[in-house]
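Nothing in this text is a laboratory measurement; each read-out follows from the coordinates by a stated rule. All values reported here derive from a predicted model rather than from experimental measurement. Note that each Cβ is placed from the backbone with ideal geometry, even for glycine, and that neighbours are counted across all protein chains shown.
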Amino acid sequence: MIDSFNYLLKVIVIGDSGVGKTNLLLRFVNHTFSNDLKSTIGVQFFTKVISIKNEHIKLQLWDTAGQERYRSISNSYYKGSHGVIICFDLTHQESLDNVVKWYEEVKQQADFNVKIILIGNKLDLSQQRVVGSDTAQQVAKQIGAGYIETSALTSQNVDKAFELLIQEIHMQLK
Ligand code: GDP
């Protein structure tokens, strides 16, 4: 059966507007990238089936679809999520400063044992980079999350980021 799977996991992506959340999802799911995503606003989630140790895992990957712009993400977005990707932009300090606020929201809205990963995106823009790895690592530690730097543009570390999170969730299911 094509659509048979052992687990269905919900993973949500949050973080400031413009950090690259939709493009990370597009890269991971469709292997595509777009500079102008206005038309995708309203898309609620993507699905992808992956395999870990002979088990098929169906991922439901939720995109904020623009809701984050007004910090008005609905409770249902967080509900039942197994994993959270908190994303910031390596070229934009404020987006890292806001990570702790996003984490507070996760703590309030999501299940207590939800797994979190922190992604610093736009790794390709090395000239414009303002956030150092050490600083970001410290924030990750503070919120109890793993940390990885990605580029949705070049696809560097994108699969790895999702795999890290999913493996962590998968271990907990055992
Ligand atoms: P969202 O608002 O967090 O969903 O961010 P988007 O995915 O819409 O991306 C916002 C802008 O950043 C768009 O112009 C993207 O083309 C750009 N962008 C996203 N990811 C990257 C990346 O890894 N590198 C570069 N150079 N630009 C990116």
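Stretching ARG71 away from VAL130 to a fully extended chain increases their span by 18.8 nm, per 0.36 nm per residue minus the current alpha-carbon distance. The ranking of ASP97, ASP63 from fewest to most other beta carbons within 10 Å of each one's beta carbon is ASP97, ASP63.
Compute the length gained on full extension between SER155 and MET171: take 0.36 nm times their separation in residues and subtract their Cα-Cα distance, giving the result in nm to one decimal.
Numbers: separation 16, 0.36 × 16 = 5.76 nm, distance 2.56 nm.
The SER155-MET171 span can extend by a further 3.2 nm.
Would you mind pulling out the separation of the Cα centroids of region 123-174 and region 23-95, in Å? Centre-to-centre distance over Cα atoms comes out at 14 Å. Across the chain, C-alpha contacts under 8 Å between residues 6 or more apart give a mean separation that, scaled by the residue count, equals a relative contact order of 25 percent. A straight chain from GLU163 to ASN30 at 0.36 nm per residue would run longer than the Cα-Cα distance by 46.3 nm.
Legend: Rg and Dmax of the chain, from Cα coordinates, 15.2, 48 Å.
Check each of the chymotrypsin sites (Phe, Trp or Tyr not before Pro) in region 90-174 and keep only those in coil by DSSP with at most 11 other C-beta atoms within 10 angstrom; list them in order. All intermediate terms of the calculation are to be shown ahead of the outcome.
Numbers: sites: TRP102, TYR103, PHE112, TYR147, PHE162; in loops: PHE112.
Here the sparse-neighbourhood loop sites are PHE112.
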